[in-house]
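Some notes on the structure that comes next.
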Amino acid sequence: MKEKIKHLTEIINTLSAKSNDEVEALRIKYLSKKGEISELFNEFRTVSNDQKREVGQLLNKLRDDAQNKINELKTALAETASNIEKIDLTRTPDTIPFGTRHPLSLVKNEIFDIFSRLGFVAAEGPEIEDDWHVFGSLNFPPEHPARDMQDTFFIERHPDILLRTHTSSVQTRVMMKQKPPIRILCPGRVYRNEAISARAHCFFHQVEGLYIDKNVSFADLKQALLYFAKEMFGENTEIRLRPSYFPFTEPSAEMDISCDLCGGKGCSFCKNTGWVEILGCGMVDPNVLENCNIDSKVYSGYAFGMGIERITNLKYRVKDLRMFSENDIRFLNQFQ
Ligand code: PHE
C-alpha cells in the first residue's frame, strides 16, 4: 500500500495539461469516485490497525497533493489565455521605412506619362537578341561598324546572338506581329562595349518610340517631340533638329533642347552653344517597313530614341553615370 501511494505521488507531481479538457480527464482519472486515489481509499479498509494511522496520513496527503496539482494546472491555463487577451490586436504596427524609387525609374515613368497622353503604349522585348532584330531588319548593312565586337557584346561561339545595343529591336518585334496603326514606347536596358567611366557605361537605359499609320509626316514627329520637351523640361523649352544619320530612318535628325541652365546664352554645361542634345529621331526607312512586312506605299512612320540616363542628368545634374548602378543609399535617398 505504501509503495502504491509513493508511486502515485511521483506521477501526480509530473502531471501536465495543454487544455481544460485534459485537466478534467486527469481529475477523473485520479480523483473521481472510481479514480485511482479513491480506489486506494477503498483498499484502506484492509490495512492493519497498527498501520492505519501512518497510511491514512499518507493517503490524505496524496489526495490533497492531487487536488492542488489539478488546481495549479487550471490556473496556469487560465493565465496563458488572459495573456493572449492582453495583446492589443488593434494597435498599428511599427512602420517600415519607405524606400525611394530609382531616379531612372522616376524619369522613365515621367516620359511614359507624357507620351501616353499622345496615345503611346508600352512594348517590351528580350535583352539577349539576334542580329536580325537588332541590326538586319533595321537596315544596317552587313559591314556596319556597330556589328563589330568593339561596339557590341556577342555571345561566345554564337556570332548571331548578342546583347541588344538599342531597344529598336522591340520595334521590329512589334511590327512583325502587329498591323498598323502602331504607337509604342519601348523602354529597357541596352548594352554597348564601352570602357566604364563617369561619362560612359557598358549598359544604360533607353526609351524608344515608334508611330506607324497612314500619312504620318515629319511635322507629326516634330510636334510630338516639341510637346514632350515642354512637358519634360518646362514651357519655355525650345527644340532644334539637326540633320543626322541612322540606318533605320530617312531623313534622320538629332534633337537639342535649349539649355535651361543658362537660358540659351551659353555656359560650360552646354559647351557655350546654348543647346544640349537629348535624342535621335527620323522617319522610318521604307526598307525597315518592308523588312517587317508593312507596305511602305500605304504606311509611313516616325521613330525616336533617347537615353534615360541623359534625360535624368539634365533634370538632376548627376555628374557621374556610375552612381546610377552603384546602389549607394545616400545617393538614392535624395530622390524622394
Ligand atoms: N536607336 C537609336 C540609338 O540607339 C536611337 C534612335 C531611335 C534614332 C529611333 C532614331 C530613331 O542611338
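The values are calculated or read from the model by the stated rules, or taken from the named source; none is laboratory data. Computed from a prediction, not measured in an experiment: that's the story for all the values here. Cβ placement follows ideal geometry from the backbone for every residue including glycine, while neighbour counts extend to all protein chains displayed. Accessible surface areas use protein heavy atoms only, side chains included; no ligands, DNA or RNA. Shrake-Rupley method; radii C 1.70, N 1.55, O 1.52, S 1.80 Å.
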Filter pass, Ala195 being more than 19 Å from Ile311 (Cβ to Cβ), among the small types (Gly, Ala, Ser) and at pLDDT 95 or above: no
So is Phe41 outside the structural domain of Arg330 (by TED's automatic domain parsing) and either assigned to a helix (DSSP H, G or I) or within 30 Å of Gly188 (Cβ to Cβ) (or both) or not? yes
Among the residues in the range 221-232, are any within 12 Å of the ligand (Cβ to nearest atom), surrounded by 14 or more Cβ atoms within 10 Å (Cβ to Cβ) and within 29 Å of the chain's Cα centre (by Cα)? no
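Does Val207 satisfy the condition of being within 16 Å of the ligand (Cβ to nearest atom), under 18 Å from Thr249 (Cα atoms) and touching a strand residue (DSSP E or B) at 6+ places or on another chain (Cβ under 6 Å)?
Numbers: within 16 Å of the ligand (Cβ to nearest atom): yes; under 18 Å from Thr249 (Cα atoms): yes; touching a strand residue (DSSP E or B) at 6+ places or on another chain (Cβ under 6 Å): yes.
So Val207 passes the test.
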Screening Arg322, Arg310, Arg317 for residues that are surrounded by fewer than 16 Cβ atoms within 10 Å (Cβ to Cβ), under 24 Å from the mean Cα position of the chain (by Cα) and either within 15 Å of the ligand (Cβ to nearest atom) or of a type outside the set (A, V, I, L, M, F, W, C) (or both) leaves only Arg322
Going through the range 242-286 one residue at a time, which ones are out of contact with any strand residue (DSSP E or B) (no Cβ under 8 Å at 6 or more places or on another chain) and under 24 Å from Val207 (Cβ atoms)? Pro247, Asp260, Leu261
Return the only residue of Ala66, Ala78 being small (Gly, Ala, Ser), more than 60 Å from the chain's Cα centre (by Cα) and part of a helix (DSSP H, G or I). Ala66
Sole residue being under 17 Å from Pro286 (Cα atoms) and not aromatic (Phe, Trp, Tyr), chosen from Arg173, Arg117, Arg192: Arg173
Scan (1) among the hydroxyl-bearing types (Ser, Thr, Tyr); (2) closer than 23 Å to Ser168 by Cα; (3) over 30 Å from the mean Cα position of the chain (by Cα) for the single condition Thr237 breaks and write down its number. (2)
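Let's see how each residue does on (1) away from the ligand (no atom under 16 Å from the Cβ); (2) more than 29 Å from Asp295 (Cβ to Cβ); (3) outside the structural domain of Phe246 (by TED's automatic domain parsing):
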residue: Phe112; (1), (2), (3): yes, yes, no
residue: Phe115; (1), (2), (3): no, no, no
residue: Ser137; (1), (2), (3): no, no, no
residue: Pro145; (1), (2), (3): no, yes, no
residue: Asp151; (1), (2), (3): no, yes, no
residue: Arg157; (1), (2), (3): yes, yes, no
residue: Thr165; (1), (2), (3): no, no, no
residue: Ser169; (1), (2), (3): no, no, no
residue: Leu185; (1), (2), (3): no, no, no
Residue check, Gly282 in a loop (DSSP other than H, G, I, E, B) and of a type in the set (Gly, Ala, Ser): no
Using beta carbons and a limit of 9 Å, which pairs, at least six apart or on different chains, have the first residue in the range 1-27 and free of Cβ contacts under 8 Å to residues at least 40 places away in the same chain and in the same structural domain as Thr80 (by TED's automatic domain parsing) and the second one of a type in the set (Phe, Trp, Tyr) and open to solvent by less than 80 Å² (accessible area, probe 1.4 Å)? Ile11/Tyr30
What number of residues in the range 259-294 are away from the ligand (no atom under 15 Å from the Cβ) and within 35 Å of the chain's Cα centre (by Cα)? 5
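Within the range 49-108, which residues are among the polar types (S, T, N, Q) and open to solvent by less than 60 Å² (accessible area, probe 1.4 Å)?
Quick first cut of the range 49-108, residues among the polar types (S, T, N, Q) only: 49, 51, 57, 60, 67-68, 71, 75, 80, 82-83, 90, 92, 95, 100, 105.
Scanning the range 49-108 gives Ser82, Thr100, Ser105.
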